[in-house]
Amino acid sequence: EAGDRSVGVNARMGLARFLVGSELNYEAIGVLNLLYRRHQELAGDPEFRGLRGAARAMVGRYKEAENDFSVPVLANDPASSLWRGYIASKENDWQASADAFAKGASAMNQFTPAWQSRFARAHAETALELGKLDVAFTEAALAIAQTKDPVEQLQARLIQARLMEAQGYPKP
């Protein structure tokens, strides 16, 4: 009986990984919440909290995502730090964002180019808000280099334009 239960949990976690990886985030949240209702011990599972936190962050549920990433079991995980930095930037908590991005830098290559671009763009905006223009310049360039998506590129270019303005480029 216990073996059957773990097979079911493993299968649903596999489905959740697939859904998050495919950016079918509402579906992933549904699968993970259903799984949690049946297996509350998952509250302490780092993969469960990370998957649900990522899915929640991707759909803009930042407070819920922050709750998932704030568990002690993820405190020293660099990938979770990138998510915490991203979430903090969306909440305009610039210092918390900068601190989290610094802790997560080593995990950047674990993500798809699209997410590397989004994290870099959020980091660039954070650095710009904190007046760290050299960091903002580097991260904005990385954001542009990591994506072919024109909307993502334009959002990073907007940060570059704000950076130029902050550096005092004269107006035409």
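Each reported figure results from applying straightforward, stated rules to the coordinates on display, with no laboratory input. Everything quoted here is computed from the prediction, not taken from an experiment. Every residue, glycine as well, gets a Cβ built from its backbone with ideal geometry; the counts of neighbours run over all protein chains shown.
Count Lys and Arg as plus one, Asp and Glu as minus one, and take only other residues whose Cβ is under 12 Å from that of Ala65; the net charge is then +3. Across region 1-92, the mean sequence separation of Cα contacts (distance under 8 Å, 6 or more residues apart), normalised by length, yields a relative contact order of 21 percent. The Cα trace of region 49-98 gives Rg and Dmax of 9.5, 25 Å, the first to one decimal, the second as a whole number. Comparing Arg49, Arg38, Arg162 in a Gaussian network model of the chain where C-alpha atoms under 10 Å apart are linked, the largest mean-square fluctuation is found at Arg38. Near Asn92: Cβ cut-off under 11 Å, other residues only, Lys/Arg at +1 and Asp/Glu at -1. The net charge is -3.
The spread of Cα positions in region 1-157, taken along each principal axis and listed from longest to shortest, comes to 58, 31, 24 Å. Report summary: the helix-based calculation at 222 nm, which adds -39500 (n - 2.57) for every DSSP H run with n ≥ 4 and divides by the residues of the chain, gives -23500 deg cm²/dmol. If you take the Cα centroid of region 79-117 and the Cα centroid of region 36-69, the two points sit 16 Å apart.
Work from the charge dipole of the chain (Cβ charges, +1 for Lys and Arg, -1 for Asp and Glu, about the Cα centre) and give the residue of Ala156, Ala65, Ala124 farthest towards its positive end. My answer, from the dipole projection, is Ala156. Net charge within 10 Å of Thr147 by Cβ-Cβ distance, Lys/Arg positive one each and Asp/Glu negative one each, not counting Thr147 itself? That works out to +1.
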